[in-house]
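Read through the structure below, which is laid out as structure tokens, and then see the notes.
The values are calculated or read from the model by the stated rules, or taken from the named source; none is laboratory data. Given the structure is predicted, the values throughout are model-derived calculations rather than measurements. Neighbour counts run over all protein chains shown; Cβ positions are idealised from the backbone, glycine included.
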Amino acid sequence: MVEQDRALIDPHGEQDNVALAQLGAAVILAWPLLEPDMQRDLIATAAVVDGVKRDPSFEEVLTRLVQMNNRSKG
């Protein structure tokens, strides 16, 4: 992958990491409401972002979190 294809987030300390975690949690809760194109774009961006910890099983974890926290289930 070419360097310009990488996304960089530059957190400065624990408060920034907490804010990123809070936003991530909000995205998980809203995930079922997002259009499939938006979901794909977010996953693609997450795959190339630098500056945060990475998990090779990201997509599996995302799926589990969405399923466990899906408030739109009837």
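Give the residue, chosen from ALA26, ALA47, ALA7, that is at pLDDT 90 or above and not hydroxyl-bearing (Ser, Thr, Tyr).
ALA26
Taking the stretch 62-74, which residues are surrounded by 11 or more Cβ atoms within 10 Å (Cβ to Cβ) and modelled with pLDDT of 90 or more?
LEU62, THR63, ARG64, LEU65, VAL66, GLN67, ASN69
Please specify each residue of the stretch 52-62 satisfying the condition of being of a type outside the set (D, E, K, R) and either without any contact (Cβ under 8 Å) to a residue 40 or more places away in the chain or on the phi > 0 side of the Ramachandran plot (or both).
Correct list: PRO56, SER57, PHE58, VAL61, LEU62.
Can you tell me which residues in the stretch 7-51 are touching a residue at least 24 places away in the same chain (Cβ under 8 Å), exposed (fewer than 12 other Cβ atoms within 10 Å of the Cβ) and over 21 Å from MET68 (Cα atoms)?
LEU8, ILE9, ASP10, THR45, VAL48, ASP50
Could you tell me how many of the residues in the stretch 52-61 are surrounded by 12 or more Cβ atoms within 10 Å (Cβ to Cβ) and charged (D, E, K, R)?
1
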